[in-house]
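The structure appears right after this line, and notes come after that.
Every number in this text was worked out from the coordinates using simple rules, so none of it is lab data. Here the structure is a predicted model, which is why all the values come from computation and not from measurement. Note that each Cβ is placed from the backbone with ideal geometry, even for glycine, and that neighbours are counted across all protein chains shown.
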Amino acid sequence: MAYSGSCHCGAVTFTVDADPPSEAMSCNCSHCGRKGFILTFVPVDQFRLDSGADQLTDYLFYKHAITHQFCKTCGTEAFALGKSPQGEMRAINLRCVPAIDIEALTIQKIDGASF
Ligand SMILES: [Zn+2]
């Protein structure tokens, strides 16, 4: 069952063509910590940007391995663009998916601060 998410103002919307995850990642790096992300990763072919391509602004830091994209109106980062050994991925900020109960997820803690 696919699930959908959006930025806060609703300009940026997306759909992930996969079942909602029961597990997700929380990372303590300087970026994830500030934004409070709860993340899951999906292959790019399961991700569809439904609206708001012209609203997205890129944010890059460190090795520029991940392209963080946030809505220029409301500032929300609903997802990011990255790569893995399996290919191009999308990191989904599950806090931007209303259908997902964050409190019910099994959270895997990533020590990104030490990377
Ligand atoms: Zn927005």
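When +1 charges are put on Lys and Arg Cβ atoms and -1 charges on Asp and Glu Cβ atoms, the dipole computed for region 3-114 relative to its Cα centre reaches about 400 debye. Restriction of the trypsin sites (Lys or Arg not before Pro) in region 6-80 to DSSP coil positions whose beta-carbon has at most 12 other beta-carbons within 10 angstrom yields 63. Counted by Cβ distance under 14 Å from residue 77, the other residues give a net charge of +4, where Lys and Arg count +1 and Asp and Glu count -1. Annotation: cysteines of the chain without a disulfide-compatible partner (Cβ-Cβ under 4.7 angstrom) are 29, 96. DSSP bridge analysis restricted to the chain gives an antiparallel fraction near 85%, rounded to the nearest 5. Of 87, 52, 33, which is the most mobile in a GNM of the chain whose springs link Cα atoms less than 10 angstrom apart? With Cα springs under 10 Å in the chain, the top fluctuation among 87, 52, 33 is at 87. For the chain, relative contact order (Cα pairs under 8 Å, six or more residues apart, normalised by length) works out to 33 percent.
Residues 71, 29, arranged from fewest to most other Cβ atoms within 10 angstrom of their Cβ, appear as 29, 71.
By the count of other C-beta atoms within 10 Å, a proxy for reagent exposure, 95, 90 are ordered fewest to most as 95, 90.
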